[in-house]
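Dropping the structure in here first, questions after.
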Amino acid sequence: MYNQEKIKPYEQQGKKGEQVERMFDNIASTYDKLNHRLSWNIDKGWRRKAIKNLAPFHPKSILDIATGTGDFAIMMAEYLNPDKLIGGDISTGMMEIGKQKAIQKGLSDIISFSREDCMNLSFADNSFDAVTAAFGIRNFENLDKGLKEMHRVLKPDGHLCIVELTSPVRFPMKQLFHIYSHSILPLYGRLISKDASAYSYLTATIEAFPQGEQMIEILSNAGFKKSEFKRLTCGICTLYFATK
């Protein structure tokens, strides 16, 4: 078990997955506003970089795991023009917002949403040209099992694209990010979302999550080949790209 798998949003007994579902249902209505403000909208650029990695392969069927309110799914539908894109998430509250956004964008004929447990996806083997996840895999109850499920539903030679928040490793960004993530982020998140635990939990998972070379080894153990990573914005975010 990796360190982030031991971290739960709330201290009481219960599975991490159940607590993560409740947490995201609680903060769904304010999630988009907070997400963009807390990253100064840089998160949109991180998603675009991920899409540029997928674009040369022209994926026609895409599964977006931990899709949340659908920002990444919508951006991929607009830029990549797939035939179908399924956004999967454990939080129905987050996906309800995503559905409305897809309708407003005129993309509901391409994008659909499905309540999915990332530990046990409902899709058949070899179903998708690409599987993606933006800012979600650090919430997996079991990272190895979740990645193996993502590998399973990918077609042979299909591509995995992950965008995840990470802790910078170099001075001075390492120190600045520590101050920001431990003071400003939880305080602002608490004021806007009214969930005192949510943004403290998210900070803890960022610090505990495997990153860089360690994550590449984990991807390899899950069955992926040609795994690579690129740190973005001084290491605040990392892009992982791998092939089945």
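Taking 8 Å as the Cα distance limit and 6 or more residues as the minimum spacing, I'd like the relative contact order of the chain as a percentage. If you can, show how the numbers build up before the last one.
Numbers: 438 pairs, mean separation 53.3, N = 244.
22 percent.
Along its principal axes, what span do the Cα atoms of the stretch 78-161 show, with the longest given first and each in whole Å?
For the stretch 78-161, the Cα extents along the three principal axes come out at 36, 28, 21 Å.
Counting alpha carbon pairs within less than 8 Å and at least 6 residues apart, what relative contact order, in whole percent, applies to the stretch 101-244? Could you put the intermediate results ahead of the total?
Working: 195 pairs, mean separation 37.6, N = 144.
Rounded, it is 26 percent for the stretch 101-244.
Scale the Cα Rg of the stretch 118-227 by the rule-of-thumb value 2.2 N^0.38 Å and send over the ratio, two decimals.
Working: Rg = 16.3 Å, N = 110, 2.2 N^0.38 = 13.1 Å.
After normalising by residue count via 2.2 N^0.38 Å, the value is 1.24.
Next question, about the same structure. Could you sort ASP83, ASP32 by their accessible area in this structure, using a 1.4 Å probe and putting the largest first?
Working: ASP83 110, ASP32 35 Å².
Ranking ASP83, ASP32 by accessible area, largest first, yields ASP83, ASP32.
From the phi angles alone, apply the Karplus equation (6.51, -1.76, 1.60; θ = phi - 60°) to the stretch 119-133 and give each ³J(HN,Hα) in whole Hz, x where the residue is Gly or Pro.
Listing the rounded values in order: 7, 8, 5, 7, 8, 6, 4, 6, 9, 10, 6, 8, 10, 10, 7 Hz.
When the helices in the chain are scored as -39500 (n - 2.57) per DSSP H run of 4 or longer and the sum is shared across all residues, what 222 nm value do you end up with, to the nearest 500 deg cm²/dmol? Walk me through the intermediate numbers first.
Numbers: 10 runs with 110 residues, N = 244.
The helix-only estimate for the chain comes to -13500 deg cm²/dmol at 222 nm.
Largest first and in whole Å, what are the equivalent-ellipsoid semi-axes of the chain based on the Cα gyration tensor, each being the root of 5 times an eigenvalue? Don't skip to the answer; put the middle values down first.
Details: eigenvalues 127, 86, 66 Å².
Values for the chain, descending: 25, 21, 18 Å.
Amide H of GLY158: which non-local residues (sequence gap of 5 or more, or other chain) have their own amide H closer than 5 Å, using H built in the peptide plane?
So GLY158 has HN proximity to LYS244.
While we're here: Taking LYS6 as the anchor, which lysines have their alpha carbon closer than 25 Å to its alpha carbon, excluding any fewer than eight residues away along the same chain?
Within the straight-line cut-off, LYS6 pairs with LYS15, LYS16, LYS145, LYS148, LYS174, LYS194.
Follow-up. Take every Cα pair under 8 Å in the stretch 1-100 that's 6+ residues apart, average their separations, divide by the length, and report that relative contact order as a whole percent. Please report the intermediate quantities before stating the final value.
On the way: 103 pairs, mean separation 27.5, N = 100.
Here the relative contact order equals 28 percent.
Charges at C-beta only: +1 for Lys and Arg, -1 for Asp and Glu. How large is the resulting dipole of the chain about its Cα centre, in Debye rounded to 20?
Charge dipole of the chain: 600 debye, to the nearest 20.
Same structure, new question: Over the alpha-carbon set of the stretch 49-115, divide Rg by the Kirkwood Rh and report the Rg/Rh ratio to two decimals. Mind dumping the intermediate values first?
Working: Rg = 11.0 Å, Rh = 11.6 Å.
Using only Cα positions, Rg/Rh for the stretch 49-115 is 0.95.
As I understand it, the dipole of the stretch 2-52 uses +1 on the Cβ of Lys and Arg and -1 on the Cβ of Asp and Glu, about the Cα centre. Which of ASN35, ILE51, PHE24 lies farthest toward its positive end?
The Cα lying farthest towards the positive end belongs to ILE51.
Please work out the C-alpha center-to-center distance from the stretch 140-158 to the stretch 101-137 and express it in whole Å.
13 Å
The values are calculated or read from the model by the stated rules, or taken from the named source; none is laboratory data. Just so you know, these numbers come straight off a predicted model, no measurement behind them. Note that we place each Cβ from the backbone using ideal geometry, even for glycine, and neighbour counts take in every protein chain shown. Quick note on the areas: whole protein, heavy atoms, side chains included, nothing else; ligands and nucleic acids left out. Shrake-Rupley method; radii C 1.70, N 1.55, O 1.52, S 1.80 Å.
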